[in-house]
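K.L.:
Have a look at this one.
The values are calculated or read from the model by the stated rules, or taken from the named source; none is laboratory data. None of the values given here were measured: they were computed from a predicted structure. A quick note on method: Cβ atoms are made from the backbone with ideal geometry, for glycine too, and the neighbour counts reach across all protein chains shown. We work out accessible area using only protein heavy atoms, side chains counted, and drop any ligands, DNA or RNA first. Shrake-Rupley method; radii C 1.70, N 1.55, O 1.52, S 1.80 Å.
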Amino acid sequence: MKHRCGTVALVGRPNTGKSSLLNKLVGEKLSIVSPRPQTTRHLVTGILTRPECQYIFVDAPGNPPQLKSVLHKSLNRRVGEAASQADIVLFVLEALRFGPEDKAALARIPEGQRVIAVVNKVDTVKRAADLIPFLERLSKTRDFSALIPLSARTGRNLPELLRVVAEALPEGPATYPEDQLTDKDERFFAAEMLREKLFLTLGEELPYRCEVVIDSFKEEGRLRRIEASILVERDSQKAIVLGTGGERLKVMATAARKDLERLFQGKVYLGVWVKVRRAWTDDARVLRQLGYE
Ligand SMILES: Nc1nc2c(ncn2[C@@H]2O[C@H](COP(=O)(O)OP(=O)(O)OP(=O)(O)O)[C@@H](O)[C@H]2O)c(=O)[nH]1
Ligand SMILES: [Mg+2]
(Lines give C-alpha, C1' and ligand atoms only; values in the text may rest on other atoms or scores of the structure.)
(Ligands and ions follow the chains in the order given, each with its own letter.)
Protein backbone atom coordinates (compact mmCIF):
# COMPACT_ATOMS: atom_id res chain seq x y z
CA MET A 1 0.00 0.00 0.00
CA LYS A 2 1.23 3.50 -0.87
CA HIS A 3 1.83 6.00 1.93
CA ARG A 4 -0.56 8.95 2.09
CA CYS A 5 -0.36 12.41 3.60
CA GLY A 6 -2.63 15.43 3.51
CA THR A 7 -4.56 18.16 5.27
CA VAL A 8 -8.02 17.75 6.71
CA ALA A 9 -9.94 20.88 7.76
CA LEU A 10 -12.60 20.70 10.50
CA VAL A 11 -15.33 23.26 9.91
CA GLY A 12 -18.92 23.79 11.01
CA ARG A 13 -21.03 26.12 13.09
CA PRO A 14 -19.78 26.94 16.60
CA ASN A 15 -20.03 24.33 19.37
CA THR A 16 -20.44 21.17 17.27
CA GLY A 17 -17.33 19.58 18.80
CA LYS A 18 -14.63 20.27 16.21
CA SER A 19 -11.92 20.95 18.78
CA SER A 20 -12.97 17.98 20.90
CA LEU A 21 -12.69 15.80 17.80
CA LEU A 22 -9.24 17.10 16.90
CA ASN A 23 -8.01 16.39 20.43
CA LYS A 24 -9.46 12.90 20.46
CA LEU A 25 -7.98 12.10 17.04
CA VAL A 26 -4.45 13.14 17.98
CA GLY A 27 -4.72 11.96 21.59
CA GLU A 28 -3.61 15.25 23.13
CA LYS A 29 -5.44 18.36 24.25
CA LEU A 30 -4.18 20.81 21.65
CA SER A 31 -7.31 22.79 20.92
CA ILE A 32 -9.29 24.40 23.69
CA VAL A 33 -12.84 23.24 24.40
CA SER A 34 -15.74 24.82 26.25
CA PRO A 35 -19.51 24.43 26.42
CA ARG A 36 -19.80 27.90 24.84
CA PRO A 37 -19.93 28.66 21.12
CA GLN A 38 -17.06 30.46 19.39
CA THR A 39 -14.34 29.15 21.67
CA THR A 40 -11.75 28.57 18.94
CA ARG A 41 -10.23 31.68 17.35
CA HIS A 42 -7.19 30.27 15.56
CA LEU A 43 -6.38 27.52 13.12
CA VAL A 44 -4.93 24.77 15.29
CA THR A 45 -3.00 22.00 13.59
CA GLY A 46 -2.95 18.51 15.06
CA ILE A 47 -0.83 15.86 13.36
CA LEU A 48 -1.56 12.15 13.57
CA THR A 49 1.11 9.89 12.11
CA ARG A 50 0.26 6.28 11.34
CA PRO A 51 2.50 3.86 9.43
CA GLU A 52 0.38 4.18 6.30
CA CYS A 53 -0.80 7.78 6.56
CA GLN A 54 -0.01 11.18 8.05
CA TYR A 55 -3.14 13.19 8.81
CA ILE A 56 -2.67 16.93 9.21
CA PHE A 57 -5.88 18.06 10.88
CA VAL A 58 -6.69 21.76 11.02
CA ASP A 59 -9.29 22.78 13.59
CA ALA A 60 -11.02 25.98 12.51
CA PRO A 61 -13.14 28.46 14.48
CA GLY A 62 -16.88 27.84 14.23
CA ASN A 63 -18.29 30.12 11.55
CA PRO A 64 -19.66 33.06 13.53
CA PRO A 65 -23.40 33.27 12.82
CA GLN A 66 -23.26 37.06 12.52
CA LEU A 67 -20.26 39.10 11.56
CA LYS A 68 -20.44 41.69 14.28
CA SER A 69 -16.83 42.79 14.53
CA VAL A 70 -13.55 43.01 12.67
CA LEU A 71 -12.52 39.93 14.67
CA HIS A 72 -15.53 37.96 13.37
CA LYS A 73 -14.74 38.89 9.78
CA SER A 74 -11.15 37.80 10.22
CA LEU A 75 -12.26 34.47 11.75
CA ASN A 76 -14.65 33.84 8.91
CA ARG A 77 -11.99 34.53 6.31
CA ARG A 78 -9.68 32.05 8.00
CA VAL A 79 -12.30 29.32 8.02
CA GLY A 80 -12.79 29.85 4.27
CA GLU A 81 -9.06 29.65 3.63
CA ALA A 82 -8.68 26.50 5.70
CA ALA A 83 -11.58 24.86 3.85
CA SER A 84 -10.34 25.74 0.38
CA GLN A 85 -6.71 24.79 1.02
CA ALA A 86 -7.38 21.41 2.63
CA ASP A 87 -7.27 18.13 0.73
CA ILE A 88 -10.59 17.25 2.31
CA VAL A 89 -13.03 19.00 4.64
CA LEU A 90 -14.82 17.47 7.61
CA PHE A 91 -18.11 19.31 8.01
CA VAL A 92 -18.88 18.73 11.69
CA LEU A 93 -22.46 18.92 12.91
CA GLU A 94 -24.43 17.59 15.87
CA ALA A 95 -26.54 14.46 15.58
CA LEU A 96 -30.21 15.25 14.86
CA ARG A 97 -29.49 18.96 14.47
CA PHE A 98 -29.11 20.64 11.11
CA GLY A 99 -30.27 24.22 11.45
CA PRO A 100 -29.75 27.52 9.60
CA GLU A 101 -26.31 28.06 11.14
CA ASP A 102 -25.19 24.62 9.98
CA LYS A 103 -26.52 25.32 6.49
CA ALA A 104 -24.70 28.65 6.37
CA ALA A 105 -21.44 27.02 7.50
CA LEU A 106 -21.84 24.27 4.90
CA ALA A 107 -22.56 26.82 2.16
CA ARG A 108 -19.26 28.56 2.89
CA ILE A 109 -17.25 25.46 1.94
CA PRO A 110 -16.19 26.14 -1.66
CA GLU A 111 -18.06 24.28 -4.41
CA GLY A 112 -16.10 21.32 -5.72
CA GLN A 113 -14.25 20.76 -2.45
CA ARG A 114 -14.58 17.22 -1.14
CA VAL A 115 -16.58 17.13 2.08
CA ILE A 116 -17.28 14.39 4.62
CA ALA A 117 -20.27 15.01 6.90
CA VAL A 118 -19.19 14.17 10.45
CA VAL A 119 -22.28 13.72 12.60
CA ASN A 120 -20.87 14.19 16.08
CA LYS A 121 -22.29 13.64 19.57
CA VAL A 122 -24.10 10.40 18.68
CA ASP A 123 -23.73 9.50 22.36
CA THR A 124 -26.58 11.97 22.99
CA VAL A 125 -28.99 10.19 20.64
CA LYS A 126 -31.51 8.27 22.71
CA ARG A 127 -33.19 6.30 19.94
CA ALA A 128 -30.66 5.01 17.41
CA ALA A 129 -33.49 4.60 14.87
CA ASP A 130 -33.83 8.42 14.68
CA LEU A 131 -30.39 8.69 13.16
CA ILE A 132 -31.20 6.95 9.87
CA PRO A 133 -33.84 9.41 8.56
CA PHE A 134 -31.61 12.28 9.73
CA LEU A 135 -28.67 10.94 7.74
CA GLU A 136 -30.92 10.43 4.74
CA ARG A 137 -32.14 14.02 4.79
CA LEU A 138 -28.61 15.29 5.33
CA SER A 139 -27.29 13.33 2.37
CA LYS A 140 -29.63 15.29 0.07
CA THR A 141 -28.18 18.69 1.07
CA ARG A 142 -24.81 18.21 -0.62
CA ASP A 143 -22.80 15.62 -2.46
CA PHE A 144 -20.87 14.37 0.58
CA SER A 145 -18.03 11.88 0.02
CA ALA A 146 -19.31 10.07 3.13
CA LEU A 147 -21.51 10.57 6.19
CA ILE A 148 -20.00 9.33 9.42
CA PRO A 149 -21.86 9.35 12.73
CA LEU A 150 -19.42 9.36 15.65
CA SER A 151 -18.72 10.66 19.11
CA ALA A 152 -15.69 12.78 19.90
CA ARG A 153 -16.50 12.19 23.56
CA THR A 154 -16.53 8.39 23.58
CA GLY A 155 -14.34 7.86 20.52
CA ARG A 156 -17.04 5.77 18.84
CA ASN A 157 -16.50 5.30 15.09
CA LEU A 158 -13.28 7.31 14.99
CA PRO A 159 -11.38 4.41 13.37
CA GLU A 160 -13.96 4.45 10.56
CA LEU A 161 -13.42 8.19 10.07
CA LEU A 162 -9.66 7.70 9.87
CA ARG A 163 -10.08 4.92 7.34
CA VAL A 164 -12.34 6.98 5.08
CA VAL A 165 -10.17 10.10 5.35
CA ALA A 166 -6.99 8.16 4.53
CA GLU A 167 -8.56 6.94 1.28
CA ALA A 168 -9.25 10.53 0.30
CA LEU A 169 -5.74 11.86 0.96
CA PRO A 170 -3.12 12.08 -1.78
CA GLU A 171 -0.25 9.63 -1.99
CA GLY A 172 3.04 11.00 -0.76
CA PRO A 173 5.60 10.98 2.02
CA ALA A 174 4.96 12.45 5.48
CA THR A 175 5.34 16.24 5.72
CA TYR A 176 6.24 16.29 9.43
CA PRO A 177 8.52 14.12 11.57
CA GLU A 178 6.53 11.28 13.11
CA ASP A 179 6.76 12.60 16.68
CA GLN A 180 5.53 16.10 15.81
CA LEU A 181 2.03 16.83 17.13
CA THR A 182 1.42 20.37 15.94
CA ASP A 183 2.96 23.33 14.13
CA LYS A 184 2.06 25.78 16.89
CA ASP A 185 4.69 26.80 19.44
CA GLU A 186 4.55 26.66 23.23
CA ARG A 187 3.70 30.38 23.47
CA PHE A 188 0.52 29.72 21.52
CA PHE A 189 -0.59 26.95 23.89
CA ALA A 190 0.24 29.07 26.93
CA ALA A 191 -2.15 31.77 25.70
CA GLU A 192 -4.83 29.30 24.65
CA MET A 193 -4.93 27.28 27.88
CA LEU A 194 -5.41 30.48 29.83
CA ARG A 195 -8.08 31.70 27.41
CA GLU A 196 -9.91 28.40 27.89
CA LYS A 197 -10.18 29.06 31.62
CA LEU A 198 -11.78 32.43 30.86
CA PHE A 199 -14.38 30.59 28.76
CA LEU A 200 -14.97 28.01 31.46
CA THR A 201 -15.16 30.49 34.34
CA LEU A 202 -16.59 33.82 33.20
CA GLY A 203 -20.29 34.30 32.45
CA GLU A 204 -22.28 35.96 29.70
CA GLU A 205 -20.45 37.98 27.08
CA LEU A 206 -17.22 38.45 28.99
CA PRO A 207 -15.11 35.64 27.46
CA TYR A 208 -15.80 37.16 24.06
CA ARG A 209 -14.40 40.49 25.28
CA CYS A 210 -11.15 38.92 26.49
CA GLU A 211 -7.94 38.02 24.75
CA VAL A 212 -4.69 36.65 26.11
CA VAL A 213 -1.22 37.78 25.06
CA ILE A 214 2.07 36.29 26.16
CA ASP A 215 4.43 39.08 27.22
CA SER A 216 7.41 36.85 27.83
CA PHE A 217 8.28 33.17 27.67
CA LYS A 218 11.62 32.02 29.02
CA GLU A 219 13.13 28.64 29.64
CA GLU A 220 15.23 28.57 32.80
CA GLY A 221 16.68 25.10 33.02
CA ARG A 222 13.64 22.84 33.27
CA LEU A 223 11.29 25.66 34.28
CA ARG A 224 9.24 27.63 31.78
CA ARG A 225 8.67 31.14 33.07
CA ILE A 226 5.67 32.71 31.37
CA GLU A 227 4.23 36.21 31.80
CA ALA A 228 0.81 36.76 30.27
CA SER A 229 -1.74 39.56 30.03
CA ILE A 230 -5.49 39.21 29.78
CA LEU A 231 -6.91 42.06 27.70
CA VAL A 232 -10.41 43.27 28.53
CA GLU A 233 -12.34 46.23 27.15
CA ARG A 234 -13.47 48.01 30.33
CA ASP A 235 -12.45 48.57 33.96
CA SER A 236 -15.63 46.85 35.16
CA GLN A 237 -14.60 43.73 33.20
CA LYS A 238 -11.16 43.83 34.75
CA ALA A 239 -12.72 43.76 38.22
CA ILE A 240 -14.77 40.67 37.32
CA VAL A 241 -11.79 38.81 35.86
CA LEU A 242 -9.77 39.55 39.00
CA GLY A 243 -12.55 38.65 41.44
CA THR A 244 -12.47 39.63 45.11
CA GLY A 245 -8.87 39.98 46.19
CA GLY A 246 -7.73 38.56 42.82
CA GLU A 247 -9.07 35.16 43.82
CA ARG A 248 -10.84 34.36 40.53
CA LEU A 249 -7.77 35.17 38.46
CA LYS A 250 -5.66 33.03 40.75
CA VAL A 251 -7.89 29.99 40.31
CA MET A 252 -7.91 30.39 36.51
CA ALA A 253 -4.14 30.88 36.32
CA THR A 254 -3.53 27.81 38.47
CA ALA A 255 -5.76 25.66 36.26
CA ALA A 256 -3.98 26.91 33.14
CA ARG A 257 -0.57 26.27 34.69
CA LYS A 258 -1.53 22.66 35.46
CA ASP A 259 -2.65 22.10 31.86
CA LEU A 260 0.61 23.53 30.59
CA GLU A 261 2.72 21.41 32.93
CA ARG A 262 0.96 18.35 31.56
CA LEU A 263 1.38 19.44 27.95
CA PHE A 264 5.02 20.53 28.27
CA GLN A 265 5.89 17.79 30.77
CA GLY A 266 7.82 20.20 32.96
CA LYS A 267 7.43 22.86 35.61
CA VAL A 268 5.74 26.13 34.67
CA TYR A 269 5.59 29.51 36.37
CA LEU A 270 2.66 31.52 35.03
CA GLY A 271 2.29 35.18 36.00
CA VAL A 272 -0.89 36.88 34.78
CA TRP A 273 -1.93 40.55 34.58
CA VAL A 274 -5.24 42.03 33.51
CA LYS A 275 -5.15 45.08 31.23
CA VAL A 276 -7.83 47.28 29.71
CA ARG A 277 -7.59 47.63 25.91
CA ARG A 278 -10.72 49.41 24.70
CA ALA A 279 -12.70 47.87 21.79
CA TRP A 280 -9.91 45.48 20.84
CA THR A 281 -12.33 43.25 18.90
CA ASP A 282 -12.87 46.13 16.45
CA ASP A 283 -9.39 47.57 16.41
CA ALA A 284 -7.57 46.28 13.33
CA ARG A 285 -4.21 47.41 14.71
CA VAL A 286 -4.60 45.58 18.01
CA LEU A 287 -5.96 42.53 16.18
CA ARG A 288 -2.89 42.45 13.95
CA GLN A 289 -0.67 42.55 17.02
CA LEU A 290 -2.67 39.63 18.40
CA GLY A 291 -1.99 37.59 15.27
CA TYR A 292 -5.31 38.05 13.45
CA GLU A 293 -5.12 39.54 9.95
N1 LIG B 1 -22.08 14.67 24.43
C2 LIG B 1 -21.07 15.08 23.65
N3 LIG B 1 -20.57 16.33 23.81
C4 LIG B 1 -19.56 16.69 23.01
C5 LIG B 1 -19.01 15.83 22.02
N6 LIG B 1 -18.02 16.51 21.38
C7 LIG B 1 -17.96 17.73 21.96
N8 LIG B 1 -18.87 17.85 22.94
C9 LIG B 1 -19.12 19.03 23.79
O10 LIG B 1 -19.56 20.10 22.97
C11 LIG B 1 -19.09 21.36 23.47
C12 LIG B 1 -18.36 22.13 22.39
O13 LIG B 1 -17.18 21.44 22.05
P14 LIG B 1 -15.99 22.12 21.25
O15 LIG B 1 -15.06 21.04 20.89
O16 LIG B 1 -15.46 23.29 21.98
O17 LIG B 1 -16.78 22.62 19.96
P18 LIG B 1 -16.24 23.45 18.71
O19 LIG B 1 -16.98 22.99 17.53
O20 LIG B 1 -14.76 23.38 18.65
O21 LIG B 1 -16.71 24.93 19.10
P22 LIG B 1 -16.15 26.35 18.53
O23 LIG B 1 -14.68 26.37 18.71
O24 LIG B 1 -16.86 27.34 19.39
O25 LIG B 1 -16.60 26.41 17.11
C26 LIG B 1 -18.22 21.02 24.68
O27 LIG B 1 -18.99 21.17 25.85
C28 LIG B 1 -17.84 19.57 24.43
O29 LIG B 1 -17.55 18.87 25.63
C30 LIG B 1 -19.58 14.50 21.89
O31 LIG B 1 -19.18 13.67 21.07
N32 LIG B 1 -20.59 14.20 22.72
MG1 LIG C 1 -13.40 24.87 18.72
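K.L.:
List the relative contact order of region 165-293 as a percent without decimals, with contacts defined as Cα pairs under 8 Å and 6+ residues apart.
P.N.:
For region 165-293, the relative contact order is 24 percent.
K.L.:
Taking amide hydrogens as modeled 1.01 Å from N in the peptide plane, which residues meet the under 5 Å criterion relative to VAL268, leaving out close sequence neighbours?
P.N.:
ARG224
K.L.:
Ok, one more. Given Cα pairs under 8 Å that are at least 6 residues apart, what percent is the relative contact order of region 119-183?
P.N.:
32 percent
K.L.:
Relative contact order of the chain: what whole-number percent is it, with Cα pairs under 8 angstrom and at least 6 residues apart?
P.N.:
Reported as a whole number, the value is 18 percent.
K.L.:
Okay, next question. Over 30 Å, how big is the tail of the calculated P(r) for the chain, in percent of all Cα pairs?
P.N.:
Value for the chain (Cα pairs over 30 Å): 34 percent.
K.L.:
Cross-link partners among lysines for LYS103, C-alpha distance below 17 Å, same-chain residues fewer than 8 apart left out?
P.N.:
Once the sequence-local lysines are set aside, what remains near LYS103 is LYS18, LYS140.
K.L.:
A further question on this structure: Cross-link candidates for LYS275: which aspartates and glutamates have Cα within less than 16 Å, leaving aside residues fewer than 8 places away along the same chain?
P.N.:
Output for LYS275: GLU211, ASP215, GLU227, GLU233, ASP235, ASP283.
K.L.:
Then there's this: Quickly rank 129-136, 109-116 as a protection proxy: mean count of other C-beta atoms within 10 Å, highest first.
P.N.:
Order by mean packing, descending: 109-116, 129-136.
K.L.:
Round to the nearest 10 and give me the degree value, 0 to 90, for the angle of helix 247-264's Cα axis relative to the longest principal axis of the chain.
P.N.:
Computed tilt is about 50 degrees.
K.L.:
Would you be so kind as to identify which of LEU249, VAL272, GLY221 lies farthest towards the positive end of the dipole of region 221-275, taking Lys and Arg as +1 and Asp and Glu as -1 on Cβ and the Cα centre as origin?
P.N.:
So the residue we want is GLY221.
K.L.:
Report ³J(HN,Hα) in whole Hz for each residue of region 192-197, in order, from the Karplus equation J = 6.51 cos²θ - 1.76 cosθ + 1.60 where θ = phi - 60°; Gly and Pro get x.
P.N.:
5, 5, 6, 4, 4, 5
K.L.:
May I pose another question? Rounding to the nearest 20 debye, state how big the charge dipole of the chain is about its Cα centre with +1 on each Lys and Arg Cβ and -1 on each Asp and Glu Cβ.
P.N.:
Dipole size: approximately 660 debye.
K.L.:
Could you report region 151-214's accessible area per residue, 1.4 Å probe, as an integer in Å²?
P.N.:
49 Å²
K.L.:
Could you please state, rounded to a whole Å, how far the C-alpha centre of region 49-127 is from the C-alpha centre of region 16-33?
P.N.:
Their Cα centres are 13 Å away from one another.
K.L.:
Calculate the length of the line joining the C-alpha centroid of region 216-241 to that of region 191-211, in whole Å.
P.N.:
About 13 Å separates the Cα centre of region 216-241 from the one of region 191-211.
K.L.:
222 nm [θ] for the chain, helices only, -39500 (n - 2.57) per DSSP H run of 4+, per residue, to 500?
P.N.:
Result for the chain: -10500 deg cm²/dmol, rounded to the nearest 500.
K.L.:
Additional query: If you restrict to DSSP beta bridges whose two residues both lie in region 1-115, what percentage is antiparallel, to the nearest 5?
P.N.:
For region 1-115, the DSSP antiparallel bridge percentage is about 35.
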